[in-house]
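Below: the structure, in C-alpha cells.
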Amino acid sequence: MKTIISTKYKLRKLISLAVLFSGCSNFTEVELPSSQLTSAAVFENKTTANAAMTDIYSKIRDKGLLTGNATGLYRQLGLYTDELQYYGLEGTSQANFFNNSLLATGSEITELWNSSYNQIYAANAVIEGVKGSQALSDIDKAQLTGEALFVRALIHFYLVNCFGPIPFITETDYRKNSAVSKIPEKTVYQVVKKDLEQAVELLPVNYVNTDRVRPNRAAAQALLARLCLYMELWEEASNNASAVLNQTDLYVWPTVLDAIFLKESRSTIWQFSPSIAGRNTYEGANLIFAQGPPPSVAVTNDLLMAFSSNDLRKTQWIKTVTSGTSAWYHPYKYKRQTTTSSSVEYSIVFRIAEQYLIRAEARAHSGDLIGAKQDLNKTRNLAGLDNTAAVTASEIIDAVLIERRLEFFTECGHRFFDLKRTNRLDAALLKVKPQWKNTNRLLPLPENELLLNSNLKPQNEGY
C-alpha cells in the first residue's frame, strides 16, 4: 500500500521521530540530541517511549476513522445511514456519503484508508521498538505493547467492517507490506481477537493516568466483547462484557444522562483528550449549530421519530433550533461547541452502556432472558422509560437493537455496523434512501492502492 511503502519508509528502517511521531507535544519537551532522534533512541527512554504511544492517540483523535472531525465515521456513517441529513454543498465528501455515491477514486476513501494504515504502521513500530529495547522495564514493555496491540486491533476492526476483506499488517517491513494481500473478513476477526486477547494479558487493570486517555485492560475487554458479539460468540461476548462491568471500583453507572459525556464520567472506559487545554470535542464543534437552516448536517426526522415522547434522550441529547415555523435538530450529547476555561468534555470511544447492551443481546441469544432484560433495562430506565415489554428471545434482541440505535446515535458508526451485522441494512435504509444498493454494505477500496498492489484486487462489488 502506498501509505506503507512511501518514500519516508523506504529511506531507512529506523524512522526519525520527526516523521513517525510528528506533532507529539510531549515529545518536544524531551531533550535529546537530534543525532539520537531514531526509533531505537525513543524506546531506550520511558518518557519518549510513552510520548511515542500517546502521539498515536493524538493522530487517531485528529484524523481517520475515529476522529471527531467532519471526516470521521461518527458523521460520515451517520450520513450514510439514517441518522444525519445533509444540508451542505453537493460534490463534497459528506454529500457523497449522504447520497451513497462514493467512488473508488474519492479523496474521502483514500484519506480513511491511508490514515488508518499510518496509525497501524505506528503501532507496529512501537511493538518492534519496545521488543528491541534494552532499557525499558518489563512492566513498561507490557504496558506499551498492550496499548499498541489494542490500537492495531481497533483500527483493523473498523477497517474490516467498512471495507470487507483487507490486509492485516503486523510489521514495518515495507518490502513485505508493498505486496501484501487481503484476507477474508472472518480471518481478520480471528487475528484481531488474538491481538486483543494478548492485550488483555498485558495491560494493567488500573489506568496509567486519571483521565482515561490511555487504554487499560477493560478497554481491550470492551472491544473484545464487541468483536465477539459481531462474531456471534455469545458466551465470550457476555463474559468479556461482564469482566468490564464487574469492575465496580472503576466504573459507575450514571444517575443522570447529562453526566455521561463529561470528561470525568466514571461510565467512560476510554476517551480522547483535546489537543489543547480549554478545547472540548470535535464532535461538539462540528455537530452543534445555533440557527437554521443547518450549515451542514442535522438529525433526520427518521431518527427523531424513533424516540418515544417520554424518552429523556430525545430532549437531553437532541436540541431543537427554530426559525419562524421551521425546526431542525442537532445531536447534543456533547454540549460545548467552543473553548472553555478548562476542557469539560472529551471524545468518548468506549463507555459501559455498550457493555450492558452487548451482554443483553448475547444473553438473549444464549437463552438467559431474565439477565438480558435486566441489562436492557439499565439504559431504558436511565432514559426515563419503563422496563421492556419484550418476552421472547427474538423480541428482546429486536428491543436491544432499537435501544442501541437510540443510545449510540452518531457514535463511531454503531448504527451502520449494527444494521450490517444483523442483515438489516437493506430493509432499514431503502425506506429512507431510494438510491441505496445492496453493494453499499462495503465502501470501495481506494483505486490508487489497487493500482500499486494488484494483490488487493478485486475491487469491492458495485464500484
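Residue-wise test of (1) at pLDDT below 95; (2) buried (at least 22 other Cβ atoms within 10 Å of the Cβ); (3) among the hydrophobic types (A, V, I, L, M, F, W, C).
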| position | (1), (2), (3) |
| --- | --- |
| Ile358 | no, yes, yes |
| Ser366 | no, no, no |
| Ala389 | no, no, yes |
| Leu401 | no, no, yes |
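Take region 284-317 and flag every residue that is touching a strand residue (DSSP E or B) at 6+ places or on another chain (Cβ under 6 Å) and either among the charged types (D, E, K, R) or buried (at least 20 other Cβ atoms within 10 Å of the Cβ) (or both). Selection gives Leu287, Val297, Ala298, Val299, Thr300.
Within the option set Thr187, Thr210, being more than 19 Å from the chain's Cα centre (by Cα) and more than 20 Å from Tyr251 (Cα to Cα) holds for one residue only, Thr187. Return the total of residues in region 53-100 being among the acidic types (Asp, Glu), over 17 Å from Ser115 (Cα atoms) and surrounded by fewer than 20 Cβ atoms within 10 Å (Cβ to Cβ). Here the count works out to 1. Entry remark, region 178-189: residues being surrounded by fewer than 13 Cβ atoms within 10 Å (Cβ to Cβ) and either in a helix (DSSP H, G or I) or of a type in the set (Phe, Trp, Tyr) (or both) number 1 in total.
Identify the single condition in (1) part of a loop (DSSP other than H, G, I, E, B); (2) in the same structural domain as Asn118 (by TED's automatic domain parsing); (3) farther than 26 Å from Arg415 by Cβ that Phe168 does not satisfy, given that it satisfies every other one. All conditions pass for Phe168, except number (3).
Is it the case that Asn387 is out of contact with any Leu (no Cβ under 7 Å at 6 or more places or on another chain), part of a helix (DSSP H, G or I) and among the polar types (S, T, N, Q)? Before the answer, list the steps.
Working: out of contact with any Leu (no Cβ under 7 Å at 6 or more places or on another chain): yes; part of a helix (DSSP H, G or I): no; among the polar types (S, T, N, Q): yes.
Against the criterion (out of contact with any Leu (no Cβ under 7 Å at 6 or more places or on another chain), part of a helix (DSSP H, G or I) and among the polar types (S, T, N, Q)), Asn387 does not qualify.
Number of residues in region 384-425 that are under 23 Å from the mean Cα position of the chain (by Cα) and not β-branched (Val, Ile, Thr): the value is 22.
Among residues of region 123-140 that are among the hydroxyl-bearing types (Ser, Thr, Tyr), those with a Cβ under 8 angstrom from a residue that is assigned to a helix (DSSP H, G or I), sequence gap 6+ or separate chain, pair up as Ser133/Ala49; Ser133/Lys141; Ser137/Lys46. Quick one: is Val205 free of Cβ contacts under 8 Å to residues at least 60 places away in the same chain, of a type in the set (A, V, I, L, M) and either under 21 Å from Ala243 (Cα atoms) or assigned by TED's automatic domain parsing to the domain that holds Val344 (or both)? In short, yes. If I filter region 127-150 for residues that are of a type in the set (Ser, Thr, Tyr), assigned by TED's automatic domain parsing to the domain that holds Asn50 and in contact with a Leu (Cβ under 7 Å, 6 or more places away or on another chain), do I get at least one hit? There is at least one residue in region 127-150 that is of a type in the set (Ser, Thr, Tyr), assigned by TED's automatic domain parsing to the domain that holds Asn50 and in contact with a Leu (Cβ under 7 Å, 6 or more places away or on another chain).
Go through region 392-409 and give me each residue that's part of a helix (DSSP H, G or I) and not small (Gly, Ala, Ser). Glu395, Ile396, Ile397, Asp398, Val400, Leu401, Ile402, Glu403, Arg404, Arg405, Leu406, Glu407, listed by residue number.
Cβ-Cβ distances below 8 Å connect the following pairs, each with a first residue in region 257-271 that is closer than 13 Å to Arg212 by Cα and touching a residue at least 12 places away in the same chain (Cβ under 8 Å), a second residue that is hydroxyl-bearing (Ser, Thr, Tyr) and surrounded by fewer than 22 Cβ atoms within 10 Å (Cβ to Cβ), and a separation of six or more residues or different chains: Lys263/Ser273; Lys263/Ser343; Arg266/Tyr251; Ser267/Tyr251; Ile269/Tyr251. For Arg175, the criteria (1) assigned to a loop (DSSP other than H, G, I, E, B); (2) surrounded by fewer than 19 Cβ atoms within 10 Å (Cβ to Cβ); (3) not polar (S, T, N, Q) hold in every case but one, which is (1). As for region 143-163, it holds no residue that is on the phi > 0 side of the Ramachandran plot and touching a residue at least 40 places away in the same chain (Cβ under 8 Å). Per the listing Arg266, Arg279, the residue uniquely within 22 Å of the chain's Cα centre (by Cα) and closer than 18 Å to Lys378 by Cα is Arg266. Just so you know, in region 426-445 the residues that are out of contact with any Ser or Thr (no Cβ under 8 Å at 6 or more places or on another chain) and in a helix (DSSP H, G or I) include one that is nearest to Asn161 (Cα to Cα), and it is Arg441.
Looking across region 43-102, the residues that are at positive phi and not polar (S, T, N, Q) come down to Gly64, Gly91.
The values are calculated or read from the model by the stated rules, or taken from the named source; none is laboratory data. These figures come from a predicted structure and were not determined experimentally. All Cβ positions, glycine included, derive from the backbone under ideal geometry; neighbour counts span all protein chains shown.
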